[in-house]
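Shown next, in structure tokens, is the structure this report addresses.
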Amino acid sequence: MQISITSAGGILSLLDEQNENSKIYALNKLNTLVDVFWAEIADSVAKVESLYEEETFKHRELAALVSSKVYYHLGSFDNALSYALGAGSLFNVNDKTEYVETIISHCIDKYTKFQVEKFQNEQSSMHVDQRLENIVNRMFQRCFDDKKYKQAIGIALETRRIDIFEKAIKESSNTNDILSYAFKITMQLLQNRKFRTVVLQTLVKLYLNLHVPDFINVCQCLIFLDDPDAVADILQKLVRGTTDQMLMAYQIGFDLYESATQQFLNKIQDSLRVQAPIPIIVEKKDEQQISSTSNQTEAMETNQDERVTSPTTAKDAGTSMIQPTKDPKTLQQEHKEKVDSLPQEQKQLQERIEKMLIILSGDITIGLHMQFLIKNNHADLLILKQVKDAVRNSICHTATVIANGYMLCGTTSDQFFRDNLEWLARATNWAKFTAAASLGVIHKGHIKEALNLMSAYLPKDSMGNSPFAEGGGLYALGLIHANHGGDIMDYLLNQLRSTQAPQTDTVRHGACLGLGLAAMGTARSDIYELLKTNLFLEDAVTGEAAGIAMGLVMLGTGSAQAIDD
């Protein structure tokens, strides 16, 4: 017959016995009864603690375990964890009890705090309790035994354990899936940039050590590591390889244009140019050329098509030398003759690198996006007409103009404006600025014809246009060339520096916004300094646009100087 115990008092009295076996028996019984009689045992917990503190007592770990459970039920988790550490191997991390799960959670939190502080301060003399680390290691082993690799990766990142992070990925049966998961949580959850850099470097190593290296994801990691030279080396190896490797290089190029900043892409292009069989040298404009005044505007408009479509530019066809004193057709022919004179293998490499440069320039991507939007343009202009006729006031006039820009973004279809020129002419002041700027939204990506399309709204030597229209026109150029500046950056620089005629605040406002969009992510110091000069003008309208543009130019750089400014 089984006798139910109604009190732990008798067992607790055994702790006062001199016989060590009686104490051991009492501890074993208390360990099984503590979840029921913890309140009663709590009154005598000092006796249990004294056994743990007694160096000669052989079952100190058992006494620590009982004490830990008592403090757990009392809600004193710090004391519970402290005694659980003293319990050593008797604290079984594989138990599924609430007590074990709670102590492990508290243990991980404390270990994480130590590890984060240690990582952030490498010179710190702080040492993690080895017993604490042992429990965490046993918990990691439990994850590996249960094949819960994603859980192990998550905790490893929290506790700054790169060794466990690597081990979890290597032991997983589905390496590609676990690597994708690791990259995703690294970019979404890790806030500490220093540690994220360490993790990304580890991911690069793991991607490269795969049976078939995953260069696409390697390059994505290298973007966030800001290592364009490493990306250029990978592309260089791939374009020299098989047809499949060449196609992979092209795909990486398209991905890079979608993901990387202009500054990053320019560095890759520069590296590829010098490694071509016939080095591709790009003309660098000096400060005097860049600061030329706006009397060159019309010449730039006239020559825009020739410059953009000519295969002698580095972006379009990557010729061997750009010399302004020679005719573009002559340069193109000279370059073609040089390429034709190369051995077949070198000729093929030259062609591949030139194609790579075209892809990285974004011209193909922009062209395809524009063609897609043009072919799939199903905007109903009748809706706009009904909106225009429904309410006739200035607020709705501006709203209709903006709606037209959104509906037809990138389609190059400005038919609504052409059909309603008289209505559009009613716009005044900032409404006129918005109307001109909306053309930039409609013609987004229409780079080759940008200056011709916007010529009616751009500043000229002769007075005529409204300053609001001119400011909107310059802003529109920036919208057309957003994140793909090219030559238009120099044109906008000229307009912002122009001293040919007094500039109004609205023109400078549009020029700053346009320049910021075109130079987005380039981190060009000359553009940044010019914008900063406009920021410090005693003009709120110009200053607001300059401040926004400065942020766009330095986008993604984390520049300490820009933050201080």
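Subtracting the Cα-Cα distance of T6 and T533 from their residue separation scaled by 0.36 nm leaves 181.3 nm. Per-residue extension of 0.36 nm, minus the Cα-Cα distance of D380 and Q18, leaves a gain of 120.7 nm for this segment.
A DSSP coil position with no more than 12 other Cβ atoms inside 10 Å describes the following trypsin sites (Lys or Arg not before Pro) in segment 338-428: R392.
Taken along the Cα-to-beta-carbon direction at a fixed 7 Å, the label points for E345 and R138 span 6.1 nm.
Applying 1/(1 + (r/R0)^6) with R0 = 22 Å to the Cβ-Cβ distance of Q130 and T102 gives a FRET efficiency near 0.50.
Return the subset of K148/K194; K113/K150; K375/K448; K69/K147; K385/K460; K110/K167 for which the Cα-Cα distance in this structure is over 25 Å, preserving the input order. K148/K194; K69/K147; K385/K460, as the Cα separations exceed 25 Å there. Its DSSP H runs of at least 4 residues, each contributing -39,500 (n - 2.57), put the calculated 222 nm mean residue ellipticity of the chain at -21000 deg cm²/dmol, to the nearest 500.
Values quoted throughout were computed directly from the atomic coordinates according to the rules given, and no laboratory measurement underlies them. Please read these numbers as outputs of a predicted model, since none were measured by experiment. As a convention, Cβ positions derive from the backbone with ideal geometry for all residues, glycine included, and neighbour counts pool all protein chains shown.
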